Structures are given as structure tokens and as C-alpha cells.
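Coordinate-derived values only; no laboratory data. Keep in mind the model is a prediction, meaning the values are calculated, not measured. Neighbour counts run over all protein chains shown; Cβ positions are idealised from the backbone, glycine included.
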Amino acid sequence: MAEFLRMHGYAGYVWSAYAVFVVVLLADALAPLLARRQTLAALRGRLRREAARGARTGNPS
Amino acid sequence: MTPTRKRRLIAVGLVLLAVAAAATLTVFALGKYQTYLYSPSEVLAGKAPAGASFRLGGVVLEHSLQRAPDSLKVAFVVTDRFHELPVEYTGILPDLFREGQSIVATGRLDHGRFVAREVLAKHDETYMPKEVADAIAKAKAAQAHSAR
Amino acid sequence: MNRLVLWFHRLGSPPYFYRFAGRWLPWLYALALLTGAIGFYGGLVIAPADYQQGDSFRILYVHVPCAWMSLFAYAFMAGNGFVALVWRIKLAELLAMASAPIGAAFTFVTLVTGSIWGKPTWGTWWTWDARLTSELVLLFLYFGVIGLHQAIEDLRQAARAAAFLALVGVVNLPIIHYSVVWWNTLHQAQTVNLLGESKIDARMLWPLLVLAFATHVYFFASVLARTRAALLALESGKAWVRALVAPATEPAHG
């Protein structure tokens, strides 16, 4: 196991290359998730405000 | 297809054609002038820039590597199997540097010797486990032996 | 045939696409993760070390699939950009723009892992040979497309302008692919050939092919996820989006 992790002296190169791959793709995977959540939250807020305004004027649209 | 769509298709197509033509011309122009490296034959034919720095590419001739006993200075011969050029270098060689392997050296000519300030190893596109490489070498040796 | 055309038309409708993508996304992510794990295990543990490079050759398993994806993503982006420009299909614009950041990410990983690989094998982090330079140009093309898309206020106009730039940049794809043939480069020639023999041992090849499959699946998952998010933002005023959000706001009405 220790020899596997050492990669016969290439550990620094091999593991950093794999780390770059994992980190960048993880960031890429999270980006649309967060963007969609943000859009939905903004939309809910807007609908709630519209509903509240509609209730105040007694004119639900 | 509606006329507007057809017009768009033709317009986009024409622009792409123009760009492709421009790129092709650029590639051909680059092919003539952009030389990443020169072979020993080209250098000896005087095609490499004299007095300026350039890259030399070729195979390290077998049994030509000589290491200085007290410093990092090395000398070897680079060949393209037609012509040979002696190379001098002081520094650490890359892992893949070995006799019979391709290298790319950057430096300049000095009285018929190429004095390199950087030596890079070029690796080929073949990947195989060590035992397969050994088996191939053994088979080749056996073939050479039986041929003799 | 007719049903396929019909399905394509249905897919072009935003609410249908939104639901379709949402249904497929978890499966695609799971498939990419599973095949990716198998590929990594094969590449890091099962595949034997290379006779010349030893264990540093294992960087191949991240570098090469990413390099393939950097080209594939660009071709996908340009293809959708072409459809967007000629037929003005909203979904094609979104798909094209969604592939840009993913392609840029793959190109970035290709360049960085290639650099990490180059140091122990070649002896340098970087050299200006044709393959490395044209791949760097690809990264800048992606940045150009993303930048242009964000610089223009009107979302649909922005997508079309960026799609045009993407289409023009297609000329770089054959240059990258054939750079190792047309010029003397430090980068070695093609190892894996679709037609003809690959110059890699079978025990080393299969994890690479599995990882190529995994990254393709991941790409489509990410494109669908990004398109879905963009669709929601673009159509936020439409009834179907309101209906989607409404259940959460319903209690306010009492």
C-alpha cells in the first residue's frame, strides 16, 4: 500500500495530476447545482412578494 | 427551408469557408517557417541558424554517452541515422534520457560541437509493460541470432 | 423515423426538456462516477507500469481523456452553435453555451496534467511546440466564447454572437489533432488509433477506454445540468416555471 502511494518516486506528479482532475470536475459539477438553486430561490422570493402585494391591494393577479 | 434560414445558412457557410481558407494558408506558411527542431543532417547542411540558438532533435547514439567523473558535464552524439553531431551539456538529464532514445536539445553550434543549455527527452507513442518490452527485445535478439 | 422527429421537437420545448433532463441527470452522474471509479482503479492499480516511464505514465489516464473531451466539447459547442445561428433554436443556444465552461475545464486539466507529466518525462513543464501551443489557443477560444457571452446584455443575442466565435474557432480542432503529424513537436504522436493498431498494451488500454466513456457521460450530464439551470433563468417569467415554483409559495395564499 505504501509503495502504491509512493508510485516509485513519482507520487508528487501522479497524485497532483489526479487531484487537479478531481477538484476541477467537482467544481464544474457543483456550479450548475448552485446556479439552479439560486435561480429558484430568487424566483420564490419574487412570487412571494407579488402575492403579498396582490393581497394588500386586494387585487390578486 | 424558409428563405431567411437559407440566407443565414449560406452566410454562415461563407464565413466558415473564408476562415478555413485563411487557417489553411496560415498552417502552410507556418509549416515552412516554424521549425521546432533541426536534425543533424539539416544542421550539417547549414540549414540551422548560424550563431543563434536553435533546437536539435535526434536519437542519442548508442554507446556514445560520456559523463565527467567530477561534474554534471556530459557529452554524447546525436544522430538521425544519416549524420551525427557531438553534443555537450552540463546539468541534470531528464528521466527518459538514455542511449537509443530521442531527445530535443536547445543550444548553439560552437566549432562543430553543439553546446546545449537544455536537454529534453522526447518519448514515443508506445506504451507497454516492462516484461513485454523485454520479451520483444529477447525475440529480436533470437531472430538476429538465427539470421546469423 | 417520424417518432424520432416528433421526439426531437418535443425535446425542443423548454418544460419538456427541463423534466427530461431532470429525470436523466442522477443516472448519468451515477454512471459517470461508477465507470470513472473503475477506470481509475484500472489505471492506478491494475495496469502495469510502463517500460520507459515507470509509474509516471499513469498520468495518461487523466491527461488523455481530458484532451479528447476538450476537443469533443468544442465540436459539440460549435455544432449546437451552428444550429442556433441558422435555425434560431433557443435550446441549441443554451446547449452551446453550456458546453463552453465544461470544455474550458477539460482543456485546463489537459494543460495542467500535461505540464505535470512533462516535467519528469521530458524534463520541462512547458515548451512552445505546435501541440502544446494549439491546445493553449483552444483554452483562450473557450475563454473568448464565455467572455463574449457574458459581455452582451441580451441573453439570446449574446448566445448567437458567442456561437459565431465558437464556429470560427473550429479550424483549431484539426490543427490540434494533426499538429504532431504536420510539425516536429516534442509531444509524441497519436497512441490510440480508431482505425488501425493502437500502440499501447491491451492491459494498459482498457482503463483508458473506460475513462473516455466516463468523461463523455459526465460531459453530457454536466451539459444537461447547466442547460437546465440556464433554461430556468431564461424562462423565469413563463407560466411553466411559475407552476414549478408555485407549490412552495402556495401556503402563503392560505
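At a glance:
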item: Inter-label distance, nm, simple model (7 Å from Cα along the C-beta direction), residue B:71/residue A:41; result: 6.5
item: Residue order, fewest to most beta carbons within 10 Å, for B:124, C:129, B:70; result: B:70, B:124, C:129
item: Assigned charges on the beta-carbon of Lys, Arg, Asp, Glu; chain C dipole about Cα centre (debye); result: 760
item: C:145, C:181 arranged by Cβ crowding within 10 Å, fewest neighbours leading; result: C:181, C:145
item: Zero-based 10 Å bins, Cα pair distances in chain B, whole percents; result: 10, 27, 22, 17, 11, 8, 5, 1, 0
item: Computed FRET value (nearest 0.05) for residue C:190 with residue B:111, which takes r as the C-beta separation and R₀ as 30 Å; result: 0.15
item: Area projected by the alpha carbon convex hull of segment B:65-112, averaged over all directions, nm²; result: 3.8
item: Degrees, to the nearest 10: A:11-57 long Cα axis against longest axis of chain A; result: 0
item: Rounded tilt (10° steps) of C:14-41 against the dominant C-alpha axis of chain C; result: 20
item: Inter-label distance for residue C:24 and residue B:2, nm, one decimal - labels placed 7 Å from Cα along Cα-to-Cβ; result: 2.7
item: Shielding by other protein chains, A:32-41, mean Cβ within 10 Å; result: 6
item: Kirkwood Rh in Å, taken over all unlike Cα pairs in segment C:175-235; result: 14.8
item: Calculated FRET efficiency for the pair residue C:2/residue A:34, C-beta based, R₀ 45 Å, to 0.05; result: 0.65
item: Cut-off 11 Å (backbone N to label point 7 Å along Cα→Cβ of residue C:238), residues of segment C:202-232; result: C:231-232
item: Charge-dipole axis of the protein assembly as shown as Lys and Arg at +1 and Asp and Glu at -1 on Cβ define it, positive-most pick from A:52, C:159, C:133; result: A:52
item: For chain A, alpha-carbon Rg and Dmax in angstrom; result: 24.8, 76
item: Neighbour-count ranking [beta-carbon atoms within 10 angstrom, fewest first] of C:236, C:134; result: C:236, C:134
item: Descending Cα extents along the principal axes, segment C:1-92, whole Å; result: 53, 28, 23
item: Förster-model FRET efficiency, 45 Å R0, residue C:156 and residue C:34, C-beta, rounded to 0.05; result: 0.75
item: Selected from B:96, B:23, B:143, residue furthest toward positive end of dipole (chain B; charges at beta carbon); result: B:23
item: Contact order relative to length of chain B, as percent, for alpha carbon pairs under 8 angstrom and 6 or more apart; result: 17
item: Average other protein chain Cβ within 10 Å of Cβ, residues C:234-245; result: 2
item: Two-site label geometry, residue B:24 and residue A:6: point separation in nm, points 7 Å out along Cα→Cβ; result: 5.7
item: Using alpha-carbon coordinates, inclination of helix B:130-147 to the longest axis of chain B, degrees; result: 70
item: Cα gyration tensor of the protein assembly as shown - equivalent ellipsoid semi-axes, whole Å, descending; result: 52, 26, 20
item: Projected area, mean over directions - segment C:1-160, Cα convex hull, nm²; result: 12.5
